[in-house]
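A.B. asks: Let me give you the structure first, and then I'll get to my questions.
Only the coordinates and a few stated rules stand behind these numbers; no lab work does. This is a predicted model, so every value here is computed, not measured. Every residue, glycine as well, gets a Cβ built from its backbone with ideal geometry; the counts of neighbours run over all protein chains shown.
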């Protein structure tokens with residue numbers, strides 16, 4: 001034999017002998033530890049000797065399954081789990097013992113501690129048997145730890161402690177103390193909620209969900225036997241990693257159950273033949289933007305965080321069916337029209353107007369793409385465009401200065417200031433179709449979303465009054481001093497979230513009663529104690545009168561008011577159903593919106609680009625957001641009858657028009673030309689507020705006659 005080969009042979013022979021020696025030492029050490037425990041435990045009756053042997057011991061008082069660190073679970077309104085928030089991927093969901101399948105209880109006792117109901121926390125015979133078996137087989141094949149000892153190890157000592165004599169004595173002492181303080185049922189419940197099963201699952205409920213997509217209550221005998229075999233070696237026995245070893249361990253559990261007369265041989269055979277399907281760990285997260293929003297509300301309103309690990313059960317207002325519908329229509333519209341119009345994201349929020357409950361929230365077309373975690377449904381950085389005009393016209397009707405038939409002259413206007421980045425250049429607003437339409441009634445100016453009439457209405461009503469109305473109706477982002485807002489307010493020139501817009505629409509849908517968005521119905525802590533129940537009555541605020549709301553609802557729901565710009569019977573209508581709607585498109589076509597409602601459902605839709613680059617081909621709310629809104633509302637209301645409001649007392653009707661009492665015949669203030677400034681020239685840096693005002697209104701430096709609407713190409717708002 002060549003020298004090199006003999007050298008290599010000798011090396012491997014010495015390595016094998018070394019390993020065998022180490023293994024024998026390990027086995028002998030386990031035997032020694034077992035014997036020491038057997039003979040030392042009787043001495044534990046002497047407190048001084050016990051204290052000297054094991055040192056200070058933690059108190060076992062106050063233990064309970066519900067006190068264990070566990071996941072926060074978030075459900076939809078029907079009790080469907082939408083997110084399980086663990087600790088860096090680890091999961092524990094505590095359930096009571098009587099909820100667990102009897103099979104999992106029996107299987108765990110059979111394989112881990114068959115004397116469980118008879119021992120005092122330590123099985124001396126089991127320790128001795130394990131020591132003899134390990135010594136005979138020259139390897140560690142059995143452990144002598146009881147269920148009580150395993151629980152002590154998990155709770156007080158740690159999952160991978162050093163195998164010292166002191167630790168074993170400490171573990172045994174605490175196990176005996178545990179049995180003196182708690183019933184066997186309590187100990188078994190804590191054990192089954194504590195022990196590690198692999199796949200980042202602590203406790204049988206988390207394990208049942210992870211491996212079988214089931215729960216502890218519904219585990220079959222075959223599933224229970226498989227799980228009961230895992231705690232001994234969660235990785236080695238895992239059916240996902242080592243299916244052969246897992247199968248062998250499962251059969252071992254079943255045989256133990258038969259030998260202890262927990263099941264019959266026939267049941268054993270049936271369980272052996274049971275086809276088990278295993279699942280790799282996965283995150284059940286649904287409605288991710290909504291979940292992020294709920295977590296923010298929990299933190300801010302209730303000071304509850306997943307990191308608390310207190311096992312809160314959060315029952316939300318989300319309707320998962322409507323959520324999936326919203327996600328589908330947003331995704332489909334972005335996929336089908338986004339390339340042509342150059343929009344690549346969208347958001348949708350749906351609310352029950354009667355109580356403020358958030359039924360659906362789509363914060364973006366794809367949560368998992370780069371930047372997709374930004375919730376466009378709650379961000380306040382996007383401008384609402386002309387959809388904001390519903391607040392302007394509500395304030396105008398409320399002021400009593402205008403009614404739904406008040407004539408408004410649509411004409412070219414150039415204000416001395418307001419243009420340019422510093423507002424120090426002339427500002428000449430335009431309608432989206434680049435035309436002027438002469439004199440129209442207020443209801444048509446609103447319905448056709450004409451900008452210049454809206455500015456006139458805003459300035460006559462007063463910007464502070466418009467701000468006040470918007471804030472009362474639910475807009476939370478306009479929180480700067482009133483003088484920080486300019487003429488472009490009514491054109492949606494300041495950031496507002498879709499969530500705020502749907503709140504405002506919902507306020508009109510309840511004839512003026514505002515509910516702040518409410519995403520949470522019910523909260524329970526880990527003990528099953530209710531810590532919150534949503535009460536809509538505590539979330540009601542009379543923001544606008546019934547009468548004013550009814551008049552605005554009548555304008556927004558009459559399709560004839562918008563036919564001039566939008567055409568009749570388009571996506572802002574729902575066939576056979578009363579519905580109110582308003583579109584919005586911002587400067588340079590960077591955002592487009594549709595907001596609308598019935599008495600039982602309100603929805604706001606935004607489409608655009610997160611990086612704020614403009615859309616292409618004059619993309620407006622009617623071609624971007626309106627199709628999403630229309631499809632969502634049509635399908636969401638498919639099983640609901642048509643409904644609308646009855647005329648409240650305090651509203652006068654003349655023909656098909658509605659008025660606040662005494663406002664039927666108001667002066668035609670906006671029917672004539674707008675006041676022209678009285679200076680011939682001005683210096684933007686020195687001009688005074690008095691010079692910029694005529695008859696109490698901001699004056700213009702140019703007020704021309706508008707052209708007719710005939711001819712030319714139109715751009716729709």
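A.B. asks: Counting other beta carbons within 10 Å of each residue's own, what order do 663, 530 fall into, fewest first?
C.D. replies: Result, fewest neighbours first: 530, 663.
A.B. asks: Helix 243-259 sits at what angle to the longest principal axis of the chain, using alpha carbons and giving 0 to 90 degrees rounded to 10?
C.D. replies: The answer is roughly 60 degrees.
A.B. asks: Could you tell me which label, among (1) 31.3; (2) 34.5; (3) 47.4, carries the value of mean projected area of the Cα convex hull in nm² calculated for this structure?
C.D. replies: This structure yields the entry labelled (3).
A.B. asks: Hey, with R₀ at 35 Å, roughly what FRET efficiency would residue 640 and residue 617 work out to, going by the Cβ-Cβ distance, to 0.05?
C.D. replies: Working from the Cβ atoms, E equals 0.50.
A.B. asks: Now for a separate question. How high is the relative contact order of segment 325-703, given as a whole-number percent (alpha carbon pairs under 8 Å, six or more residues apart)?
C.D. replies: After rounding, I find 23 percent.
A.B. asks: Moving on to the next point. Nearest 10 degrees, 0 to 90: what angle lies between the long axis of helix 165-181 and the longest principal axis of the chain (Cα atoms)?
C.D. replies: That works out to roughly 70 degrees.
A.B. asks: While we're looking at this one, here's another question. Can you classify segment 414-549 as rounded, prolate or oblate using the Cα gyration tensor, where a ≥ b ≥ c are the square roots of its eigenvalues, rounded means a/c under 1.5, and otherwise it's prolate if a/b beats b/c and oblate if not?
C.D. replies: Prolate.
A.B. asks: If you don't mind, another one. In nanometres, what is the gap between the two model label sites at residue 261 and residue 527, each 7 Å from Cα along Cα-to-Cβ?
C.D. replies: About 4.2 nm, to one decimal.
A.B. asks: At a Förster radius of 60 Å, what calculated FRET efficiency corresponds to the Cβ-Cβ distance of residue 483 and residue 654, to the nearest 0.05?
C.D. replies: Taking R0 as 60 Å, the efficiency between residue 483 and residue 654 is 0.95.
A.B. asks: Take residue 535 and residue 328, extend 7 Å from each Cα along the Cα→Cβ direction, and tell me the distance between the two endpoints in nm.
C.D. replies: Taking the simple label geometry, residue 535 and residue 328 are separated by 3.9 nm.
A.B. asks: Quote to one decimal, in nm, the extra length available between residue 218 and residue 307 on full extension: 0.36 nm per residue of separation minus the C-alpha distance between them.
C.D. replies: Computed gain between residue 218 and residue 307 is 29.1 nm.
A.B. asks: What is the order of 404, 501, 564, fewest Cβ neighbours within 10 Å to most?
C.D. replies: 564, 404, 501
A.B. asks: Ok, one more. 222 nm [θ] for the chain, helices only, -39500 (n - 2.57) per DSSP H run of 4+, per residue, to 500?
C.D. replies: Rounded to the nearest 500, the figure is -11000 deg cm²/dmol.
A.B. asks: Ok, one more. Shape of segment 500-634 from its Cα gyration tensor (a ≥ b ≥ c, root eigenvalues): rounded if a/c is under 1.5, otherwise prolate when a/b > b/c, or oblate?
C.D. replies: Here segment 500-634 falls in the oblate category.
A.B. asks: Sorting check: for 678-686, 226-234, which peptide has the highest mean count of neighbouring beta carbons within 10 Å, and how do the rest follow?
C.D. replies: The densest-packed peptide leads the list: 226-234, 678-686.
A.B. asks: At 7 Å along Cα-to-Cβ for each site, give me the label-to-label distance between residue 681 and residue 242 in nm.
C.D. replies: Taking the two extended label points, one gets 9.4 nm.
A.B. asks: How big is segment 325-703 in terms of Cα radius of gyration and Dmax, in angstroms?
C.D. replies: Computed over the Cα atoms of segment 325-703, radius of gyration and Dmax are 20.8, 77 Å.
A.B. asks: Still on this structure, please answer the following. Pairing the Cα long axis of helix 451-461 with the longest principal axis of the chain, what angle in degrees results, from 0 to 90 and rounded to the nearest 10?
C.D. replies: Here the helix axis deviates by roughly 90 degrees.
A.B. asks: Taking neighbour Cβ counts within 10 Å as the exposure measure, how do 555, 397, 374 sort from fewest upward?
C.D. replies: Result, fewest neighbours first: 374, 555, 397.
A.B. asks: Full-extension gain between residue 695 and residue 164, please, as 0.36 nm times their residue separation minus the C-alpha to C-alpha distance.
C.D. replies: Taking 0.36 nm per residue and subtracting the Cα distance, the gain is 181.8 nm.
A.B. asks: Counting only the backbone N, which residues of segment 458-478 are under 13 Å from the spot 7 Å out from the Cα of residue 380 toward its beta-carbon?
C.D. replies: Under 13 Å, as judged by backbone N against the label point of residue 380, lie 471-472, 474-478 of segment 458-478.
A.B. asks: With contacts defined as alpha carbon pairs under 8 Å and 6 or more residues apart, what's the relative contact order of the chain in percent?
C.D. replies: 13 percent
A.B. asks: Test of understanding: what is the full-extension gain from residue 251 to residue 184, defined as 0.36 nm times their sequence separation minus their Cα-Cα distance?
C.D. replies: 21.5 nm
A.B. asks: Moving on to the next point. Got the relative contact order for segment 418-569 handy, in percent, Cα pairs under 8 Å and 6 or more residues apart?
C.D. replies: For segment 418-569, the relative contact order is 23 percent.
A.B. asks: Also: Evaluate the Kirkwood expression for the hydrodynamic radius of segment 183-269, namely the inverse of the mean inverse distance over all pairs of different C-alpha atoms, and round to one decimal in Å.
C.D. replies: Answer for segment 183-269: a Kirkwood hydrodynamic radius of 13.2 Å.
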